Amino acid sequence: MTEGDDPTTDGGTADTTAPDGGTAESPPVPEYESDQYVPGTDPAVRTGVREQVLTEKFGPVRAYFKTRPDRHWKLQERLNQARFGITYDVYLTRIAAYAVGTGLVGALTGFTLAIVLAQTGAFASIDAPALVPTAFAQAVYENRVVVAAVGSVTTLGVLSGSMAWVVGYRYPSAVVDVRRRKLDVTLPHAIVYMYALSFGGMGLTAVLRRMAEAENTYGEVANEFDMIVRDVDVFGNDLFTAIRNARNLTPSDNLEQFFDDLLSVLDSGGELTTFLEDESEKYMERARTEQQSFLDALATLSEIFVVAFVAAPLFVVVTMMMLSLLGNVGTLPLALIVYVVVPLGMAGFLVAISVLSEPYKQPSHELQLDDRSAAVPDGGVQAHPYFDTFRRIRRKEWLQERLADPTALFRAKPIATLLLTVPLTLLGIGALVTTGLAEPTPEAFIAEPVSTTALLVIAPFLAVAVPLSIFHELARRRDREIAERLPDALDILASANQMGVGLTEGLDLVARNLSGRLSTELRQVSNDIRWNNDIQRALLGLADRLQVSQLTRTCKILAEGSRSTGDLHRVLDIAAEDTRHRYRLARDRQQTLSSYTAVVIIGFLVYLAVIVIINESFLGPITGSGLVSGDAGPVSISGDAVAAYRTLFFHSAIIQGIGTGLITGKLSDNQVLTGLKYSIALVLIALGVFVVL
């Protein structure tokens, strides 16, 4: 059936566009029109016919969901707010397929597990229930392998499929929640940007278009305004209707309130610039309040971390030691906790902090310049007789610059150090193993835990982490220096512009009063404006070169403001205040969380101290006593178990040091790489303690 065909056949088949909300191809049919498709029938008959037609066209699963829109209208709202671009019935059909597939994988896993347990004799010791002496219980006992296999297949299959369905059904809500928090965080700065444009003389339509084009700078807020622009351009709606549609769809209560206030201004004919100025101040204050709530949540997480990864592992260690003395439990449970549970728990903790901090992550720094940035010359230039000579000279100059400053790439992108350090580290490990200086075997780790671990684990970790941490800290220090000096630089530039000094001369004035990278870059901006007479391109080029989030937004405001007005001092004041507000938020986060990061680090030191006390005051005396033997007794422990426990203690301290450092960096600066310096220090402390002991 093609779009627009009437599916009614022989006067007795209903159109797929019944009052269930319509199909993907046709609009919904109002209730009062449904009789013309199946005349003379009651609603129950029409529903049955409708389900039959939908089943023939879309299949039974999708038809089932399409005929029950009242159950899933909230899901459709979440799909719209998450910008998934599909209807609820299509989405539910997909996750139903994923759930079935996951259930089959779970069932196969359960069947495999049952076979493995049967081959290892795990079912041999199972007896028939004494309290149920019936023929059924005896039959179950005689066929316990089959029953166990059926039970594991059913249990794992149902649990896996159900979990996949629940996760899939809740996923749009999680996406909407992340979008909502991103909108709330970015909205105050977006309103400041709109205020600067409006002050420069732009009308509301032009302001909305500029806002929609600023996705790389303002993220999800720009996407919401882009919907308004598309609603006007594509669907032909008036601006009032487009804003109202965006207001009804946005997941953010703050943005919804802003749209309500904006519609009131449009309806009453109020002054747009004054309105945006008032709104910027209001939402800036609201952003400070919301960040305080966010910081309180991070503080709670830091306390949870101390309990979950310091107190709990210590309790487990002591418990395992006592059980080993009394019942020969072995070291396997503790090994699973040290090598599996704790690392996975720390990784999950990092994921939880990342999800909570995702809205506060800065958008991409890259800004799009015009076509003049193209690096490929046209055919006429390439045909010039001196073009090849020019290209050789440029390549030679590029190579000389790289050789003169080989670390420039690493300073710009610290993660690029992995391209050098990882291969060298792997070669070093291979050389150690080949020459016999270290053996990557469990026996070697137990016999010489400190030296083997230092050569095969700690040294490679330091070889990779130290260069990455150094260049990351250099880049972070540069960004922090620029963020600190930028508001004062904008204030000086605004004062100079208000006194009649041009933008180019003002940039020279600011550069003379500053030092460091920002001073050099401002001089380059001044030269770009003189030579090319293009303020916008010079400012956006500055943002692309430095790639600092605060500077990117400031350059965006100044570039658009300079294009709309020649009176820049007020635009500069607006940009300075916005930059100062962002800097205060970042500083408040560091100051508030500094005490909690100290608590996390102290927690690691407490863990290390307790481990050392157990190792020296408990395992040490046991080694020299008669308790270390293979003889059975009320209290006994083998010598191999003592060595294994010491190895586990050392490895747990190393794992704790790495994980604690990374989590500290994520808490304090929202960057895992910031925590590398803490990880390096804590690992070296743990190594030093065990070397001394």
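The values are calculated or read from the model by the stated rules, or taken from the named source; none is laboratory data. Only a predicted model underlies this, so the values are computations on that prediction, with no experimental measurement involved. Neighbour counts run over all protein chains shown; Cβ positions are idealised from the backbone, glycine included.
Conditions first: (1) crowded, with 24+ Cβ neighbours inside 10 Å; (2) more than 28 Å from LEU503 (Cβ to Cβ); (3) among the basic types (Lys, Arg). ARG587 passes all but one, so which condition is the exception?
(1)
Filter segment 79-116 for residues that are surrounded by fewer than 16 Cβ atoms within 10 Å (Cβ to Cβ) and of a type in the set (S, T, N, Q) and give the result.
If the condition is that a residue be surrounded by fewer than 16 Cβ atoms within 10 Å (Cβ to Cβ) and of a type in the set (S, T, N, Q), then THR109, THR112 are the ones that fit.
Quick check, is ASN216 in contact with a Leu (Cβ under 7 Å, 6 or more places away or on another chain) and either farther than 27 Å from ARG570 by Cβ or surrounded by fewer than 19 Cβ atoms within 10 Å (Cβ to Cβ) (or both)? Steps first, please.
Values: in contact with a Leu (Cβ under 7 Å, 6 or more places away or on another chain): yes; either farther than 27 Å from ARG570 by Cβ or surrounded by fewer than 19 Cβ atoms within 10 Å (Cβ to Cβ) (or both): yes.
Taking the combined requirement at face value, the residue satisfies it.
In this structure, does PRO467 turn out to be assigned by the TED database to the domain that holds TYR678, under 27 Å from the mean Cα position of the chain (by Cα) and surrounded by 14 or more Cβ atoms within 10 Å (Cβ to Cβ)? Talk me through it step by step, then tell me what you get.
Working: assigned by the TED database to the domain that holds TYR678: yes; under 27 Å from the mean Cα position of the chain (by Cα): yes; surrounded by 14 or more Cβ atoms within 10 Å (Cβ to Cβ): yes.
So PRO467 fits the description; yes.
Being crowded, with 20+ Cβ neighbours inside 10 Å, farther than 30 Å from THR674 by Cβ and in contact with a helix residue (DSSP H, G or I) (Cβ under 9 Å, 6 or more places away or on another chain), is that true of even one residue in segment 470-480? Before you say what the answer is, go through the steps one by one.
Narrowing segment 470-480 to residues crowded, with 20+ Cβ neighbours inside 10 Å: 471-472.
In the following step, the residues that additionally are farther than 30 Å from THR674 by Cβ were identified as none.
No, because not a single residue in segment 470-480 is crowded, with 20+ Cβ neighbours inside 10 Å, farther than 30 Å from THR674 by Cβ and in contact with a helix residue (DSSP H, G or I) (Cβ under 9 Å, 6 or more places away or on another chain).
Yes or no, residue by residue, for (1) at pLDDT 80 or above; (2) under 30 Å from PRO188 (Cα atoms):
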| position | (1), (2) |
| --- | --- |
| GLU277 | yes, yes |
| TYR283 | yes, yes |
| SER293 | yes, yes |
| LEU301 | yes, yes |
| PHE309 | yes, no |
| VAL318 | yes, no |
| SER324 | no, no |
| GLY330 | no, no |
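Report yes if ARG476 is within 29 Å of the chain's Cα centre (by Cα), among the basic types (Lys, Arg) and over 30 Å from ALA686 (Cα atoms), otherwise no. Walk me through it before giving the result.
Numbers: within 29 Å of the chain's Cα centre (by Cα): yes; among the basic types (Lys, Arg): yes; over 30 Å from ALA686 (Cα atoms): no.
For ARG476, the condition - within 29 Å of the chain's Cα centre (by Cα), among the basic types (Lys, Arg) and over 30 Å from ALA686 (Cα atoms) - is not met.
Table: residues versus (1) β-branched (Val, Ile, Thr); (2) touching a strand residue (DSSP E or B) at 6+ places or on another chain (Cβ under 7 Å); (3) assigned to a helix (DSSP H, G or I); (4) at pLDDT below 70.
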{"site": "GLY110", "(1), (2), (3), (4)": "no, no, yes, no"}
{"site": "LEU117", "(1), (2), (3), (4)": "no, no, yes, no"}
{"site": "LEU131", "(1), (2), (3), (4)": "no, no, no, yes"}
{"site": "PHE136", "(1), (2), (3), (4)": "no, no, yes, yes"}
{"site": "VAL145", "(1), (2), (3), (4)": "yes, no, yes, no"}
{"site": "SER152", "(1), (2), (3), (4)": "no, no, yes, no"}
{"site": "GLY157", "(1), (2), (3), (4)": "no, no, yes, no"}
{"site": "ALA164", "(1), (2), (3), (4)": "no, no, yes, no"}
{"site": "TYR169", "(1), (2), (3), (4)": "no, no, yes, no"}
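When you check LEU608 against the structure, is it within 23 Å of VAL306 (Cβ to Cβ) and either assigned by the TED database to the domain that holds VAL672 or at pLDDT 90 or above (or both), yes or no?
Working: within 23 Å of VAL306 (Cβ to Cβ): yes; either assigned by the TED database to the domain that holds VAL672 or at pLDDT 90 or above (or both): yes.
Considered against the rule, which asks whether it is within 23 Å of VAL306 (Cβ to Cβ) and either assigned by the TED database to the domain that holds VAL672 or at pLDDT 90 or above (or both), LEU608 comes out as yes.
Could you list, in sequence order, the residues of segment 221-244 that are touching an Asp or Glu at 6+ places or on another chain (Cβ under 6 Å) and under 19 Å from MET194 (Cβ atoms)? Spell out how you get there, then give the answer.
The first filter runs over segment 221-244 and keeps only residues touching an Asp or Glu at 6+ places or on another chain (Cβ under 6 Å), leaving 222, 237, 242.
Listed by number, the residues that qualify are ALA222, ALA242.
Can you say whether VAL376 is at pLDDT 90 or above, over 30 Å from LYS182 (Cβ atoms), of a type in the set (A, V, I, L, M) and not assigned by the TED database to the domain that holds ILE535, as far as the supplied structure shows? Can you show your working first?
Numbers: at pLDDT 90 or above: no; over 30 Å from LYS182 (Cβ atoms): yes; of a type in the set (A, V, I, L, M): yes; not assigned by the TED database to the domain that holds ILE535: yes.
No, not satisfied.
Of all residues in segment 671-692, how many are surrounded by fewer than 23 Cβ atoms within 10 Å (Cβ to Cβ) and either in a helix (DSSP H, G or I) or not assigned by the TED database to the domain that holds PHE349 (or both)? Step through it out loud before you land on a result.
The first filter runs over segment 671-692 and keeps only residues surrounded by fewer than 23 Cβ atoms within 10 Å (Cβ to Cβ), leaving 671-674, 677, 680-681, 684-685, 687-692.
Subset that is either in a helix (DSSP H, G or I) or not assigned by the TED database to the domain that holds PHE349 (or both): 673-674, 677, 680-681, 684-685, 687-692.
Selection size over segment 671-692: 13.
Quick check, is ALA438 aliphatic (A, V, I, L, M), more than 30 Å from GLN671 (Cβ to Cβ), outside the structural domain of LEU558 (by the TED database) and without any contact (Cβ under 8 Å) to a residue 12 or more places away in the chain?
On the way: aliphatic (A, V, I, L, M): yes; more than 30 Å from GLN671 (Cβ to Cβ): yes; outside the structural domain of LEU558 (by the TED database): yes; without any contact (Cβ under 8 Å) to a residue 12 or more places away in the chain: no.
No: the conditions fail for ALA438.
Surrounded by 21 or more Cβ atoms within 10 Å (Cβ to Cβ) and in a helix (DSSP H, G or I): does that describe ILE601? Step through it out loud before you land on a result.
Details: surrounded by 21 or more Cβ atoms within 10 Å (Cβ to Cβ): no; in a helix (DSSP H, G or I): yes.
In short, no.
With under 22 Å from VAL466 (Cβ atoms), at pLDDT 75 or above and assigned to a helix (DSSP H, G or I) as the only criterion, which of LEU403, LEU399, LEU418 stands out?
Residue meeting the stated conditions: LEU418.
Assess whether SER198 counts as being among the polar types (S, T, N, Q), buried (at least 19 other Cβ atoms within 10 Å of the Cβ) and in a helix (DSSP H, G or I). Steps first, answer last, please.
Working: among the polar types (S, T, N, Q): yes; buried (at least 19 other Cβ atoms within 10 Å of the Cβ): yes; in a helix (DSSP H, G or I): yes.
For SER198, the condition - among the polar types (S, T, N, Q), buried (at least 19 other Cβ atoms within 10 Å of the Cβ) and in a helix (DSSP H, G or I) - is met.
Filter segment 52-95 for residues that are small (Gly, Ala, Ser) and more than 30 Å from LYS182 (Cβ to Cβ) and give the result. Break it down stepwise before answering.
Step one: list which residues in segment 52-95 are small (Gly, Ala, Ser), which gives 59, 63, 82, 85.
Result: GLY59, ALA63.
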